[in-house]
Amino acid sequence: MQCKFCKANDVAPLKKMRSIYNSLDYTLYFCDSCKCYFFDINEHDYDLQLLYDSLGDKNISSYDVTFKKDRYWDNEKRIIYSIQPNINSVLDLGCRTGDLLMHFDADVEKYGIELSKSSAEVAIKRGLNIYEEFIENIDFKDKKFDAVTCYAILEHLKDPVPILDRLTQLVEENGVLVVMVPYLHSLKAQLLYKINFRWHMFSQPEHLNFYSKLFLDKFISEKGFVLRKTKYTSGGMFNPFKKIPIASKVFGKFMNFIDFYTPINQIPIFDHMYLYYQKTKDIDA
């Protein structure tokens, strides 16, 4: 089998894993050339759209047009501005209801791409410019953006490399590209894997791709970008006291402090990897 990321023929099957959604067994593959892991969506004939529709329907009742500032997104905005202080336009791939976009200043052009109809409706009501279409089908008419963001999207894609390439093309020179993906090379994920305990990101066929930093750095740097910042966080997913309300709340605040404000997030202990790149030169695809 050829690697879906680097196209090398250096891929080996590791083991079969049962899906939490359809009870089918999917093979986890590893490429020794680029150090990425992946599942093959074609291993089973399964309607992925039905899965996403069911997952989206569960959240419809919680959608709220009213905007409330969020510390997580405010921190992401702060990091982006620290790399490029002159942000006039932002594009968020998989923007959901537009929470990140709403944190940017009023005079910033805010664009989002969202396939979930219910999420897109909320974002549109918030006054955002929303594309309800696959990014590869959108004609941006040569428009580029000072910041392009992609949080928790690339792991879902059947064919991720063309989408990643498209994202790099849409960044203005000196602009910022932000990518957040689950990181199987993290200490937490590797420990769980070695003791045969299911990592929560193993949710095939929803999550298909697990990128290495090696691959992402090489691919994106070849498009004219420089890595400006890296961080690894728990994403709020690590809390051994979830069944004890008071302890869970206290521990959650502690982990937020670790994630946001300490140098521990520079070490790949936890499994949410954030990469912040700046485009230093425009290279044609």
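The values are calculated or read from the model by the stated rules, or taken from the named source; none is laboratory data. Nothing here was measured: the structure is a model prediction, and the numbers come from that model. Every residue, glycine as well, gets a Cβ built from its backbone with ideal geometry; the counts of neighbours run over all protein chains shown.
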- Could you list all residues from the stretch 260-280 that are surrounded by 14 or more Cβ atoms within 10 Å (Cβ to Cβ), more than 22 Å from GLN84 (Cα to Cα) and in contact (Cβ under 8 Å) with a residue 12 or more places away in the chain? PRO268, ILE269, PHE270, ASP271, HIS272
- Query: Regarding LEU100, is this residue farther than 27 Å from LYS281 by Cβ and not charged (D, E, K, R)?
  - Reply: no
- Task: Mind listing whichever residues of the stretch 232-248 are loosely packed, with under 12 Cβ neighbours inside 10 Å and either part of a helix (DSSP H, G or I) or touching a residue at least 60 places away in the same chain (Cβ under 8 Å) (or both)?
- Result: PRO245, ILE246
- Task: Just one of (1) in a loop (DSSP other than H, G, I, E, B); (2) aliphatic (A, V, I, L, M); (3) surrounded by 14 or more Cβ atoms within 10 Å (Cβ to Cβ) trips up ILE283, so point out which.
- Result: (3)
- Query: Do you know which residues across the stretch 116-136 are without any contact (Cβ under 8 Å) to a residue 60 or more places away in the chain, in contact with a Phe, Trp or Tyr (Cβ under 9 Å, 6 or more places away or on another chain) and either part of a helix (DSSP H, G or I) or aliphatic (A, V, I, L, M) (or both)?
  - Reply: ALA120, GLU121, VAL122, LEU128, ILE130
- Note on the structure: Heads up, the strands (runs of 3 or more DSSP E) in the stretch 1-61 (entirely inside) with at least 3 residues that are aromatic (Phe, Trp, Tyr) and either at pLDDT 95 or above or closer than 23 Å to GLU114 by Cβ (or both) are 25-31, 37-39
- Query: With respect to GLU155, is the statement that it is part of a helix (DSSP H, G or I), on the phi < 0 side of the Ramachandran plot and not hydroxyl-bearing (Ser, Thr, Tyr) true?
  - Reply: yes
